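Scroll down for the structure; my scribbles are underneath it.
The values are calculated or read from the model by the stated rules, or taken from the named source; none is laboratory data. Source: prediction; values computed, not measured. Ideal geometry is used to build each Cβ from the backbone, glycine not excepted, and the neighbour counts take in all protein chains shown.
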Amino acid sequence: MTQPSEILLQANAVSIAYGEQLAVKAVTLPVYQHRITSIIGPSGCGKSTLLRSFNRMNDFIDHVSLTGEISFNDQNIYAPDADPVAVRLNIGMVFQKPNPFPKTIYENVAWAPKINGLKDNMDDRVEQALKQAALWDEVKDRLHDSALNLSGGQQQRLCIARALAMNPLVLLMDEPCSALDPVSTARIEDLLFELKEKLTIVIVTHNMQQAARVSDFTAFMENGVLIEYGPTETLFTNPENERTEEYVTGRFG
Amino acid sequence: MSQTAPEIRLTRARSRPLEKVLRWLFFACAAISVLTTLAVVGVLSVETFYFFQQVPASDFLFGTRWTPLLEPKSYGILPLLFGTTLIVIGAAIVALPVGLACAIYLSEYAGNRTRDLVKPILEILAGIPTIVYGFFAITFVTPSLRTLIPSTEVFNAASAGIVVGIMVLPMVASLCDDALRAVPNALRDGAYSLGATSFEVTARIVVPASLSGIFAAFVLAISRAIGETMAVTLAAGATPNLTLNPLESIQTMTAYIVQVSLGDTPAGTLSYQTLFAVGAVLFAMTLVLNLIANAIMNRYRDVYE
Amino acid sequence: MNTQAQRLKKRHRISAAFKCFCLSVTCLAIAILGVLILEVTVLGLPWLNIDFLTRFPSRFPEKAGILAGLAGTLWLVSLTAAIAIPIGVLAAVYLEEYAKPGRVSTFITINIANLAGVPSIVYGIIGLAIFVRFLGLDRSVLAGAMTMSLLILPVIIIASREAIKAVPSSLRQVAFALGATRWQVTRDHVLPQAMPGILTGVILALSRAIGETAPLIMIGALTYIAFVPEGPMDEFTALPIQIYNWTSRPQEAFHELASAGIIVLLLVLLIMNATAVWIRYRGNKNRFR
């Protein structure tokens, strides 16, 4: 399952603090191209904070400081001359709760290309992105309806389509199914397998079965520390660390 | 010897007259607000009714000369409406863009420390009595205008309009700030994660999402500007003037009401009744605007809850 | 890809320019406050002395003082407080603690919201027609205070309702469970808890009454008054009326007097607002949670 692949994104000794409180402690984690990497761990273990640092979404939270570096394509995205906007154009994100803009379905998907001045072939772009997100068939007849009328699962796939419209290289997903029902969850998991042909995915989840089902590599975090990282199969069947074993076998958490 | 249980009564021991009296007393207090509205509507409509028995409504609403205190008397309210309109336009040009920009700065850019500094300053601005703004118009804004544009008259609509704009600015800023901050952060996150700049997030997502709240703030600001009295009485003049030139002296509805009350006009005369007729127009206009603003605000509150 | 980089640069430039615009506009608004205060201080400070505070108005600026206005304002605000605070707070108690939610209570709420938006000069017209002429109170402090009470009642009711609403319902339930009547619960538990919030709102409403000019002009308070009112039926003048009077004269010296009057007015307001902040701070310390 895990053929050799390039490292596309890498956290090197990353520590993140909210004011005085360390939320992520010296984490080093590689992310392989065209693979799904999942980050698991109990609530408050710092997994979402780490994920948000991969496309500098923590910039918007007051008093957050980061040490170490995150390299993307061998460039440090936290370098002084790095542009967070350019970073996010390449590294998209899908959030815990679906957050479509209060606009039409079409406008949601077309939004990112539009602000980037890509005006030609917009219909194709929107169709392409919606198809990739496996939403096209359900919405093709009502592209100009409000996105807020879609069901939760559809909204989340719309958010995925919205993120795909600019063809990012990486898609970060922060517990994308936690607000969805099991059927919608299954659809999104299926979608992940198709998407990894095109891009690289990092997914944070507190659902261990989900991590085991979808990901190629898994990282287990606890109290801000990366306890163990490895191929998903190894981590779930033969963990090296005792804490990992207790967590994946459900003895705590 | 067996103990008998003490008697337990679940019916009312006494009728508690105090509770009843108090309830009615409190209700009476709340009803005073309704009585106030009735008084306002009643007084204005009765006197206006007498006024219309002597002056045809069409003369009042469409007449172009307003000279109720001079001979020949004429009762066309249009000059006063034009005066008020000029003030509203001036105030809107100052208060709406500046207020919205302030709100955007506070809500989208300022850190908590800056907010804690700027918000009280806006509150101070909002708490300064209108007479002080009138003084500011006369002693600072008008002289400055006359230096810039020498043809400006001593009393002019522009100066009063600018000052009324400054006066309603804090309200616009604070209401727009509320509207912008009601937009959930998830929307901002979504937009930023797509590689948008702060301007794109603000102008294309946050402002459109809070448009109804911003619009309500604008309507309320206009309503306030229409009802503003002291600054326009002091700075805009007392010449009912059918003009759209902001550098000329004009008279607003409010300034006319003050002018009549400054003279000793006997009750029951036609000039006394003009006060109520103009007051009724003023009241109707602000009431309609306030109702519109409240309706818009109630609707947008529902969106994100 | 190069054009993409150029475009990004342009987008950043627009974004930075926009942020800069918003920041400078905010600074401008603050600067206006600075200019206003500076102007008033420079013009008025030289005139501000004991004589100014203890003299009556005069045709000669160097002999004029603010005593009548200051005394009138104190009379006015005391009477207004005596009328408006009980009515306003009890109306809020009725609407929050007694009234069942329904048409009547919604109607009163909407009515109060609309009254809060009525221009102050309309209250002046009503004061003139009802208190001055119909009730025959003439140009007395009482007529002024009743007019001001109508004006600030909506503010007091709205603020008091907010304060009462903020009292946790668990507190009420505890008291009811001990067998208290509604009034006992309100008097002993709800009102004490809500008091800091109510007082803050009341003080802000009274500061509005102190600064209002138009309604007082309407009821005819703009007369030459060279005495301190001794009872509620006396004629009066008030600080903002004095300021208006001086501002509307063309002579520069009277404008300087007006500035001195404004300084006094703003100091009175400052003291009241500082009190409100202090009460809010004290109130937050011992509160049922």
Practice item. Just name the residue that is farthest from C:ARG161 (Cα to Cα) out of those in segment C:226-251 that are surrounded by fewer than 24 Cβ atoms within 10 Å (Cβ to Cβ) and within 11 Å of chain B (Cβ to nearest Cβ). Key: C:PRO250
Review point. Restricting the search to segment C:71-110, which residues are within 8 Å of another protein chain (Cβ to nearest Cβ) and free of Cβ contacts under 8 Å to residues at least 60 places away in the same chain?
Key: C:PRO86, C:LEU90, C:TYR94, C:ALA99, C:PHE107, C:ILE108, C:ILE110
Exercise for review: Spot the failing condition for B:LEU80; the list is (1) in contact (Cβ under 8 Å) with a residue 24 or more places away in the chain; (2) part of a loop (DSSP other than H, G, I, E, B), and only one is missed.
Suggested key: (2)
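Any chance segment B:94-117 includes a residue that's β-branched (Val, Ile, Thr), assigned to a helix (DSSP H, G or I), surrounded by fewer than 20 Cβ atoms within 10 Å (Cβ to Cβ) and free of Cβ contacts under 8 Å to residues at least 12 places away in the same chain? Talk me through it step by step, then tell me what you get.
Quick first cut of segment B:94-117, residues β-branched (Val, Ile, Thr) only: B:94, B:98, B:104, B:114.
From the residues that got through so far, the ones that are assigned to a helix (DSSP H, G or I) too are B:94, B:98, B:104, B:114.
Restricting the remaining residues to those that are surrounded by fewer than 20 Cβ atoms within 10 Å (Cβ to Cβ) gives B:114.
Right, trim to free of Cβ contacts under 8 Å to residues at least 12 places away in the same chain and you get B:114.
Yes, segment B:94-117 contains a residue that is β-branched (Val, Ile, Thr), assigned to a helix (DSSP H, G or I), surrounded by fewer than 20 Cβ atoms within 10 Å (Cβ to Cβ) and free of Cβ contacts under 8 Å to residues at least 12 places away in the same chain.
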Revision key, fill the gap. Taking segment A:4-45 and keeping only residues that are among the charged types (D, E, K, R) and either within 24 Å of A:ALA86 (Cβ to Cβ) or assigned to a strand (DSSP E or B) (or both), one is left with A:GLU6, A:LYS25, A:ARG35
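Out of A:SER146, A:SER215, A:SER151, which single residue is small (Gly, Ala, Ser) and out of contact with any strand residue (DSSP E or B) (no Cβ under 9 Å at 6 or more places or on another chain)?
Values: A:SER146 fails: out of contact with any strand residue (DSSP E or B) (no Cβ under 9 Å at 6 or more places or on another chain); A:SER215 fails: out of contact with any strand residue (DSSP E or B) (no Cβ under 9 Å at 6 or more places or on another chain).
Step by step, each of A:SER146, A:SER215, A:SER151 is checked, and only A:SER151 is small (Gly, Ala, Ser) and out of contact with any strand residue (DSSP E or B) (no Cβ under 9 Å at 6 or more places or on another chain).
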Study note, to complete from the structure: Conditions (1) among the polar types (S, T, N, Q); (2) outside any strand (DSSP E or B); (3) away from chain B (no Cβ under 14 Å) -> A:SER48 fails only (3)
**Study point:** Residue in segment A:85-92 that is free of Cβ contacts under 8 Å to residues at least 60 places away in the same chain, within 27 Å of A:ALA211 (Cβ to Cβ) and more than 11 Å from chain B (Cβ to nearest Cβ) present
**Key:** no
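Okay, residues lined up against (1) out of contact with any Leu (no Cβ under 6 Å at 6 or more places or on another chain); (2) among the hydrophobic types (A, V, I, L, M, F, W, C); (3) more than 23 Å from A:ALA186 (Cα to Cα):
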position: A:VAL27; (1), (2), (3): no, yes, yes
position: A:ASN73; (1), (2), (3): yes, no, yes
position: A:PRO100; (1), (2), (3): no, no, no
position: A:LYS114; (1), (2), (3): yes, no, yes
position: A:MET122; (1), (2), (3): yes, yes, yes
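Taking segment B:250-271 as the search range and keeping residues that are without any contact (Cβ under 8 Å) to a residue 60 or more places away in the chain and in a helix (DSSP H, G or I), which one is surrounded by the most Cβ atoms within 10 Å (Cβ to Cβ)?
Initially, segment B:250-271 is screened for residues without any contact (Cβ under 8 Å) to a residue 60 or more places away in the chain, giving B:257-258, B:261-262, B:264-269.
Narrowing the set further to residues that are in a helix (DSSP H, G or I) leaves B:257-258, B:261-262.
Details: B:ILE257: 28, B:VAL258: 25, B:SER261: 21, B:LEU262: 15.
This residue is B:ILE257.
Report, by residue number, each residue of segment C:9-26 that is of a type in the set (A, V, I, L, M, F, W, C) and within 9 Å of chain B (Cβ to nearest Cβ). It would help to see each step written out before you state the result.
Within segment C:9-26, the first condition is being of a type in the set (A, V, I, L, M, F, W, C), and the residues that meet it are C:14, C:16-18, C:20-23, C:25.
Answer for segment C:9-26, where residues must be of a type in the set (A, V, I, L, M, F, W, C) and within 9 Å of chain B (Cβ to nearest Cβ): C:ILE14, C:ALA16, C:ALA17, C:PHE18, C:PHE21, C:CYS22, C:LEU23, C:VAL25.
Only one residue in A:LYS119, A:LYS114 is part of a helix (DSSP H, G or I), more than 16 Å from the chain's Cα centre (by Cα), at pLDDT below 95 and surrounded by fewer than 23 Cβ atoms within 10 Å (Cβ to Cβ), so which one is that?
Values: A:LYS119 fails: part of a helix (DSSP H, G or I).
Every option except A:LYS114 fails the conditions.
In segment C:246-266, what residues are under 21 Å from the mean Cα position of the chain (by Cα) and either within 27 Å of C:ALA143 (Cβ to Cβ) or among the acidic types (Asp, Glu) (or both)? Write out each step before concluding.
Taking segment C:246-266 as the starting set, the residues that turn out to be under 21 Å from the mean Cα position of the chain (by Cα) are C:258-266.
Residues satisfying the conditions are C:ALA258, C:GLY261, C:ILE262, C:VAL264, C:LEU265, C:LEU266.
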Practice item. From A:ILE77, A:ILE7, grab the single residue that is among the hydrophobic types (A, V, I, L, M, F, W, C), in contact with a Lys or Arg (Cβ under 7 Å, 6 or more places away or on another chain) and either buried (at least 17 other Cβ atoms within 10 Å of the Cβ) or over 29 Å from C:LYS9 (Cβ atoms) (or both). Key: A:ILE77
Check your understanding: Among (1) surrounded by fewer than 20 Cβ atoms within 10 Å (Cβ to Cβ); (2) in contact (Cβ under 8 Å) with a residue 12 or more places away in the chain; (3) assigned to a helix (DSSP H, G or I), where does C:LEU38 come up short?
Key -> (2)
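Can you confirm whether C:ILE130 is assigned to a helix (DSSP H, G or I), within 12 Å of chain B (Cβ to nearest Cβ) and under 20 Å from the mean Cα position of the chain (by Cα)?
No; evaluated as a whole, the condition is false for this residue.
With respect to C:CYS22, is the statement that it is buried (at least 19 other Cβ atoms within 10 Å of the Cβ) and closer than 30 Å to B:LEU117 by Cβ true?
Values: buried (at least 19 other Cβ atoms within 10 Å of the Cβ): yes; closer than 30 Å to B:LEU117 by Cβ: yes.
So C:CYS22 passes the test.
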Review point. Out of (1) more than 30 Å from A:PHE95 (Cα to Cα); (2) part of a helix (DSSP H, G or I); (3) in contact with a Lys or Arg (Cβ under 6 Å, 6 or more places away or on another chain), the odd one out for B:VAL201 is which?
Key: (1)
Review point. Of these, B:LEU282, B:LEU234, B:LEU275, which one is more than 23 Å from B:LEU145 (Cβ to Cβ), facing chain C (nearest Cβ under 9 Å), in contact with a Gly (Cβ under 8 Å, 6 or more places away or on another chain) and part of a helix (DSSP H, G or I)?
Key: B:LEU282
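Loosely packed, with under 14 Cβ neighbours inside 10 Å, in contact (Cβ under 8 Å) with a residue 60 or more places away in the chain and in a helix (DSSP H, G or I): does that describe C:GLU62? Give the steps one after another, and end with the answer.
Working: loosely packed, with under 14 Cβ neighbours inside 10 Å: yes; in contact (Cβ under 8 Å) with a residue 60 or more places away in the chain: yes; in a helix (DSSP H, G or I): yes.
Criteria met by C:GLU62.
Determine whether segment C:209-225 contains at least one residue that is assigned to a loop (DSSP other than H, G, I, E, B), away from chain B (no Cβ under 12 Å) and not acidic (Asp, Glu).
Of segment C:209-225, the ones assigned to a loop (DSSP other than H, G, I, E, B) are C:212-213, C:219-225.
So of that shortlist, the ones also away from chain B (no Cβ under 12 Å) come out as C:224-225.
With not acidic (Asp, Glu) added as a condition, the list becomes C:224-225.
Scanning segment C:209-225 turns up at least one residue that is assigned to a loop (DSSP other than H, G, I, E, B), away from chain B (no Cβ under 12 Å) and not acidic (Asp, Glu).
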Review point. Is it the case that B:VAL34 is within 25 Å of B:ILE226 (Cβ to Cβ) and in contact (Cβ under 8 Å) with a residue 24 or more places away in the chain?
Key: no
Exercise for review: Examine segment C:256-267 for a residue that is in a loop (DSSP other than H, G, I, E, B) and assigned by TED's automatic domain parsing to the domain that holds C:GLY136, and state whether such a residue exists.
Suggested key: no
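Quick check: is even one residue across segment C:150-169 surrounded by fewer than 18 Cβ atoms within 10 Å (Cβ to Cβ) and over 18 Å from C:TYR94 (Cα atoms)?
From segment C:150-169, those surrounded by fewer than 18 Cβ atoms within 10 Å (Cβ to Cβ) are C:162, C:165-166, C:168-169; that's our starting set.
Filter once more, keeping what is over 18 Å from C:TYR94 (Cα atoms): none.
No, segment C:150-169 contains no residue that is surrounded by fewer than 18 Cβ atoms within 10 Å (Cβ to Cβ) and over 18 Å from C:TYR94 (Cα atoms).
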Revision key, fill the gap. So, first residue closer than 17 Å to A:LEU135 by Cβ in segment A:155-171, second residue among the charged types (D, E, K, R), Cβ within less than 7 Å, six or more apart or across chains; the pairs are A:ALA165/A:ARG125
Review point. So, in segment B:74-105, of the ones that are in contact with a Ser or Thr (Cβ under 8 Å, 6 or more places away or on another chain) and farther than 30 Å from B:PRO56 by Cβ, which residue ends up farthest from the other protein chains (Cβ to nearest Cβ)?
Key: B:ALA103
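Could you count how many residues in segment B:153-182 are among the acidic types (Asp, Glu) and in a helix (DSSP H, G or I)?
Number of matching residues: 2.
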Review point. Of the residues that make up segment A:182-191, is at least one under 16 Å from the mean Cα position of the chain (by Cα), surrounded by fewer than 22 Cβ atoms within 10 Å (Cβ to Cβ) and either aliphatic (A, V, I, L, M) or assigned to a loop (DSSP other than H, G, I, E, B) (or both)?
Key: yes
